[in-house]
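Asker: Have a look at this one.
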Amino acid sequence: MTSYIVLLGPPGVGKGTQAEILSAKTHLPHISTGELFRENMKNDTKLGREAKAFMDGGELVPDSLTIAMVEGRLARPDCRSGAILDGFPRTPVQAEALGQMLARASQGIDLVSFISAAPGVLVERAGGRWTCVAQGHIYHQKYNAPKASGKCDVDGSDLVQRADDSAETVRKRIEVYLEQTAPLVEYYRAAGKLVEIDGTQPIDLVTKALLAALGAKG
Ligand code: AMP
């Protein structure tokens, strides 16, 4: 059975953390558009240079660039039996494009998991987030601390704070989320794909709810 799973929710709610856990459990690839952009920035590609100003300002990268990047990634063989999409789609145009991409491959979205939390929680979540430089593994100084301070548990690389996790940029990202991404909740609810999960629960309980939702769909 193929499984295309979308993790929808505001910035800092834990989509990346849950996608990592789910990917390890299901062996489906974790596709984070934010991480793909950050890799492009690190490698100083044309796409990375184009995306940088938008990301630094907490704005969305234009749909055309984002959709083309995801289309390329989903065409790779490891996505043949599904994928966990973290941070995509983020606009109605992207949601339509994703539906069309999957339909062309005779596939469709199996589950949209909306991980929710009130905006006040999100600034603290993003502010305490540390990300590993090598592969983007995610930690939080309070909720998910690394075993050795400042080092990734998985690959030992240094942990850094994302430039766009400053309180000011997080507030901008939440605003952008409410304007451009939140309408997707109703879009996918109407399509009968949406399951809402309380993202303020501890990490393991969110995972449990996600796995239960996935099992119920399977
Ligand atoms: P994230 O790592 O998901 O928090 O994304 C970090 C930043 O990357 C966002 O604030 C956007 O600037 C950009 N980005 C990630 N995913 C998308 C998307 N689907 N559409 C547009 N921009 C995106």
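The values are calculated or read from the model by the stated rules, or taken from the named source; none is laboratory data. On a predicted model such as this, the values are computed, not experimentally measured, just so you know. Cβ: placed from backbone, ideal geometry, glycine included. Neighbour counts: every protein chain shown. Ligands, DNA and RNA are excluded from the accessible area calculation, which covers all protein heavy atoms including side chains. Shrake-Rupley method; radii C 1.70, N 1.55, O 1.52, S 1.80 Å.
Asker: Quick one: of the DSSP bridges fully inside the stretch 1-144, what percent are antiparallel, nearest 5? Numbers along the way, then the final one.
Answerer: Values: 4 of 16 bridges.
Beta bridges within the stretch 1-144, antiparallel portion: roughly 25 percent.
Asker: Per residue, how many Å² of accessible area does the stretch 3-217 show with a 1.4 Å probe? Write out the running numbers ahead of the final one.
Answerer: Details: 10190 Å² over 215 residues.
Per residue, the stretch 3-217 has an accessible area of 47 Å².
Asker: For the stretch 152-218, report the translational diffusion coefficient in µm²/s to the nearest whole number, using Stokes-Einstein at 37 °C, 0.692 mPa s, and a Kirkwood Rh over Cα pairs.
Answerer: Numbers: Rh = 15.1 Å.
Rounded, D is 217 µm²/s.
Asker: For the chain, state the semi-axes of the equivalent ellipsoid (square roots of 5 times the eigenvalues of the alpha-carbon gyration tensor), sorted largest first and rounded to whole angstrom. Numbers along the way, then the final one.
Answerer: On the way: eigenvalues 116, 83, 66 Å².
Ellipsoid semi-axes (Å, largest first): 24, 20, 18.
Asker: Starting from the 7 Å offset along Cα-to-Cβ, what nm value, one decimal, do you get for the label separation of A118 and Q100?
Answerer: My value for the distance between the label points is 4.0 nm.
Asker: Straight distance only, please: which lysines reach the Cα of K25 with their own Cα at less than 18 Å, same-chain residues fewer than 8 apart left out?
Answerer: Cross-link targets: K15, K208, K217.
Asker: With every protein chain left in place, what is the accessible area of D56 in Å² (1.4 Å probe, nearest 10)?
Answerer: 70 Å²
Asker: Order these peptides, 42-52, 120-130, by their mean beta-carbon neighbour count within 10 angstrom, highest first.
Answerer: Details: 42-52: 13.8, 120-130: 18.4.
Averaged packing, sorted descending, gives the order 120-130, 42-52.
Asker: If the rule is a partner Cβ under 4.7 Å, which cysteines in the chain fail it?
Answerer: C79
Asker: Say R0 is 25 Å: what FRET efficiency, to the nearest 0.05, do L178 and V93 get from their beta-carbon distance? Numbers along the way, then the final one.
Answerer: Numbers: r = 17 Å, r/R0 = 0.69.
Here the calculated transfer efficiency is 0.90.
Asker: Could you rank V13, V93 by how accessible they are, 1.4 Å probe, largest area first? Write out the running numbers ahead of the final one.
Answerer: Working: V13 5, V93 85 Å².
If we order V13, V93 from most to least accessible, we get V93, V13.
Asker: Net charge around V6, counting only other residues with Cβ within less than 11 Å of its Cβ (Lys, Arg = +1; Asp, Glu = -1)?
Answerer: Details: positive: K15, R90, K193; negative: D86, D110.
Surrounding charge for V6 is +1.
Asker: Can you pull the percent of the chain's accessible area that's carbon plus sulfur, 1.4 Å probe, other chains left in place?
Answerer: Exposed carbon and sulfur together represent 55 percent of the surface.
Asker: Quick one: work out Rg over Rh on the C-alpha atoms of the stretch 66-191, Rh as Kirkwood radius. Each step should come with its number before you reach the end.
Answerer: On the way: Rg = 16.9 Å, Rh = 16.7 Å.
Computed over Cα atoms, the ratio is 1.01.
Asker: Now for a different question. What figure in square angstrom, to the nearest 10, would you give for the accessible area of C152 with a 1.4 Å probe?
Answerer: The value for C152 is about 10 Å².
Asker: A further question on this structure: Would you be so kind as to identify all helices of the chain, as entire DSSP H runs, whose Cα atoms reach 20 Å or more along the helix's own axis and whose mean Kyte-Doolittle hydropathy is at least 0.5? Provide the component values of the computation, followed by the final result.
Answerer: On the way: long enough: 203-217 (21 Å, 1.25).
Helices meeting the criterion: 203-217.
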